[in-house]
1. Which count do you get for residues in the stretch 99-122 that are buried (at least 18 other Cβ atoms within 10 Å of the Cβ) and not in a helix (DSSP H, G or I)?
2. I need every pair where a residue in the stretch 162-180 that is at positive phi has its Cβ under 7 Å from the Cβ of a residue that is among the basic types (Lys, Arg), sequence separation at least 6 or different chains.
3. Evaluate the stretch 131-154: report whether one residue or more is in contact with a His (Cβ under 8 Å, 6 or more places away or on another chain), of a type in the set (A, V, I, L, M) and buried (at least 16 other Cβ atoms within 10 Å of the Cβ).
4. Report, by residue number, each residue of the stretch 197-213 that is out of contact with any Ser or Thr (no Cβ under 7 Å at 6 or more places or on another chain), crowded, with 24+ Cβ neighbours inside 10 Å and part of a helix (DSSP H, G or I).
5. Going residue by residue through the stretch 153-165, is there one that turns out to be closer than 13 Å to residue 98 by Cα, at pLDDT 95 or above and not hydroxyl-bearing (Ser, Thr, Tyr)?
6. Looking at 274, 283, which is the one that is of a type in the set (A, V, I, L, M) and within 23 Å of residue 196 (Cβ to Cβ)?
7. Taking interchain pairs and intrachain pairs at least six residues apart, which have beta carbon atoms under 6 angstrom, with the first residue in the stretch 77-92 and assigned to a strand (DSSP E or B) and the second among the hydroxyl-bearing types (Ser, Thr, Tyr)?
8. Tell me which strands (runs of 3 or more DSSP E) are completely within the stretch 123-193 and hold 2 or more residues being closer than 20 Å to residue 87 by Cβ and among the polar types (S, T, N, Q), or say none if there are none.
Amino acid sequence: MLEKEPQSTGAVLMVRPARFGYNAETAASNAFQQTPDDASQAPDAAIAALVEFDALVLALRRAGVTVFVAEDTAEPAKPDALFPNNWVSFHRDGSVVLYPVLAPNPRAERREDIIEQLGRDGAFRITRRVDLSDHEAEGRYLEGTGSLVLDRASRTAYACLSPRTDLRVLGEFAQRLDYELVSFDALDAQGRAIYHTNVLMAIGARFAVVCAAAIAHPAQRESVLSRLRASGHEIVEISLEQMRQFAGNVLELDGTRGKLIALSTTAWGSLDAAQRSALERQAAIVAVSIPTIERLGGGGVRCMLAEIHLPTRVRHLLS
């Protein structure tokens, strides 16, 4: 059995985008993306996204989170480069997992130099690579911790099936990373498959945010909720409309002053007083405004963060 992991970490990878914009290749399966009103606004959107990105980096660092920022490359164009959690995940036993992604242009986001940078500059120890990307050739996909919401402490992987989340690849992930799998079907208010699990649920050490109404089948819904309760999580339920406002797209992290929950101001503003109070009992709130990224990219704060659970190398000091 692989080493048990704490649920949250104090280090994340973020990728600063070089050419952020609306990605037509991903729009068909991501109902959260909104078509830009005017193509001429693209340069302004790219600039706005950089401002939003830098604000999130600053807010997390002020809260005591270690943020490793990798620079995107201008060529080839990668409109979604600021969502690294779709192509890589990092684990306590030293594993780095690379994932198969549906749209062609995000595949260029998988960069070995970024992984090497973490090992070098972050002094992280990497012991193995689990490369699942070969599944792309067979039309099967699993988009990292977009597709997977991991309860790392209990080694349970939650996943809603969609064009981006294939059951066979899920099975290989679960087998190779020693996770138990809880899969289900999830639909939005218009009956469309929800593209990523991490927009409908999030798991912290002692809480779980869940849009239970999105889980299509009652038996699956009860299975997810009962499993979360059994693992000691207080459930904060959100509505379909709140999910649409990225209220499920949140991430618990470790700061220097304790745990925090990172999310967007859109997500935080959608919650009612009772929901806010439930989250505030768990951790400090770090809310940052990222409207351009949410609107055109179809992802929220959690999508921008690849948590680094890798062990650190022991540094030997010379006398």
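1. We begin by selecting, within the stretch 99-122, every residue buried (at least 18 other Cβ atoms within 10 Å of the Cβ); these are 99-103, 106, 109-111, 114-115, 118.
Add one more test, that the residue is not in a helix (DSSP H, G or I), and what stays is 99-103, 110-111.
Of the residues in the stretch 99-122, 7 are buried (at least 18 other Cβ atoms within 10 Å of the Cβ) and not in a helix (DSSP H, G or I).
2. 178/155
3. The answer is yes, given that some residue of the stretch 131-154 is in contact with a His (Cβ under 8 Å, 6 or more places away or on another chain), of a type in the set (A, V, I, L, M) and buried (at least 16 other Cβ atoms within 10 Å of the Cβ).
4. Listed by number, the list holds a single entry, 199.
5. Going residue by residue through the stretch 153-165, those that are closer than 13 Å to residue 98 by Cα are none.
No, because not a single residue in the stretch 153-165 is closer than 13 Å to residue 98 by Cα, at pLDDT 95 or above and not hydroxyl-bearing (Ser, Thr, Tyr).
6. Values: 274 fails: within 23 Å of residue 196 (Cβ to Cβ).
Selected residue: 283, the only one of 274, 283 that is of a type in the set (A, V, I, L, M) and within 23 Å of residue 196 (Cβ to Cβ).
7. Short answer, once both residue conditions are applied: 89/145.
8. Working: elements: 128-131, 149-151, 156-161, 180-185.
Answer list for the stretch 123-193: none.
The values are calculated or read from the model by the stated rules, or taken from the named source; none is laboratory data. On a predicted model such as this, the values are computed, not experimentally measured, just so you know. Positions of Cβ are generated from backbone atoms using ideal geometry, with glycine treated the same way; all protein chains shown enter the neighbour counts.
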